[in-house]
1. Look at region 83-104 and say how many of its residues are out of contact with any Phe, Trp or Tyr (no Cβ under 7 Å at 6 or more places or on another chain), surrounded by 13 or more Cβ atoms within 10 Å (Cβ to Cβ) and not in a loop (DSSP other than H, G, I, E, B).
2. Which of the residues that make up region 8-28 are surrounded by 17 or more Cβ atoms within 10 Å (Cβ to Cβ) and outside any loop (DSSP other than H, G, I, E, B)?
3. Considering only residues that are in contact with a strand residue (DSSP E or B) (Cβ under 7 Å, 6 or more places away or on another chain) and part of a helix (DSSP H, G or I), look in region 105-134 and name the one that is surrounded by the most Cβ atoms within 10 Å (Cβ to Cβ).
4. Somewhere in region 98-109, is a residue within 11 Å of the ligand (Cβ to nearest atom) and farther than 26 Å from L139 by Cβ?
5. Within region 21-72, which residues are hydroxyl-bearing (S, T, Y) and free of Cβ contacts under 8 Å to residues at least 40 places away in the same chain?
6. From the set of residues in region 51-67 that are away from the ligand (no atom under 16 Å from the Cβ) and in contact with a helix residue (DSSP H, G or I) (Cβ under 8 Å, 6 or more places away or on another chain), which is farthest from E81 (Cα to Cα)?
7. In region 58-72, is there at least one residue being within 30 Å of K11 (Cα to Cα), at pLDDT 95 or above and among the aromatic types (F, W, Y)?
Amino acid sequence: MTETEVSTERKPRQLNVFFDVDNTLIMWNGSLRNHVRDVFEALKEAGHEIYIWSGVGIREWDMKRHNLHDLITNYYVKPLEEHHAKLEGLGVPMIPDFVIDDHKAVVDAFGGYHIPDEAGPDDTELLTVLERIKAFALLDHDPDKVIPR
Ligand SMILES: [Mg+2]
């Protein structure tokens with residue numbers, strides 16, 4: 001390959017991924033959903049940033065309690081309505097690239113994955129989330145994101 005040739009292989013975008021807490025990561029009985037740590041580690045490994053937000057407040061304590069705090073970039077309060085308009089007032093300094101939420105309205109507002117609010121013992125929803133995020137990160141057709149060879 002000469003210097004002027006460019007591979008068509010796309011470099012994945014680095015995404016700001018926002019996870020809801022209740023009935024997304026922590027289920028009704030207080031247990032952690034399956035695969036949280038593994039999926040968070042894989043997202044970090046792929047260069048993505050993980051944010052935790054919740055409509056009921058900053059959930060840093062919950063993430064510390066489940067030994068996930070080291071993987072979290074920051075915590076925010078989630079807007080429950082007028083999702084885009086309320087970001088700034090809640091101190092969220094960016095528009096989420098991908099959200100995971102059991103409330104469909106949040107996913108409709110930003111794009112992402114609407115996760116079931118119940119999880120059985122063999123739940124693999126977060127593995128699906130990981131695959132969706134990886135695929136979404138490759139969707140950008142911006143030629144500047146092409147890896148030069
Ligand atoms: Mg929820």
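1. Result for region 83-104: 1.
2. Hits for region 8-28 are N16, V17, F18, F19, D22, I26.
3. Checking each candidate, the answer is V106.
4. The answer is no, given that none of the residues of region 98-109 is within 11 Å of the ligand (Cβ to nearest atom) and farther than 26 Å from L139 by Cβ.
5. Taking region 21-72 as the starting set, the residues that turn out to be hydroxyl-bearing (S, T, Y) are 24, 31, 51, 54.
Within region 21-72, S31, S54 qualify.
6. Within region 51-67, the first condition is being away from the ligand (no atom under 16 Å from the Cβ), and the residues that meet it are 60-61, 64-65, 67.
When the remaining residues are screened for being in contact with a helix residue (DSSP H, G or I) (Cβ under 8 Å, 6 or more places away or on another chain), the result is 60, 67.
On the way: E60: 22, N67: 30 Å.
Across region 51-67, the extreme among qualifying residues is N67.
7. Just the residues of region 58-72 that are within 30 Å of K11 (Cα to Cα), to begin with: 68-72.
Going one step further and asking which of them are at pLDDT 95 or above, we end up with 68-72.
Now restrict to residues that are among the aromatic types (F, W, Y): none.
Looking for residues that are within 30 Å of K11 (Cα to Cα), at pLDDT 95 or above and among the aromatic types (F, W, Y), one finds none in region 58-72, hence no.
The values are calculated or read from the model by the stated rules, or taken from the named source; none is laboratory data. Because the structure is a prediction, the values reported are computed rather than measured. Glycine gets a Cβ as well: all are built from the backbone with ideal geometry, and neighbour counts include every protein chain shown.
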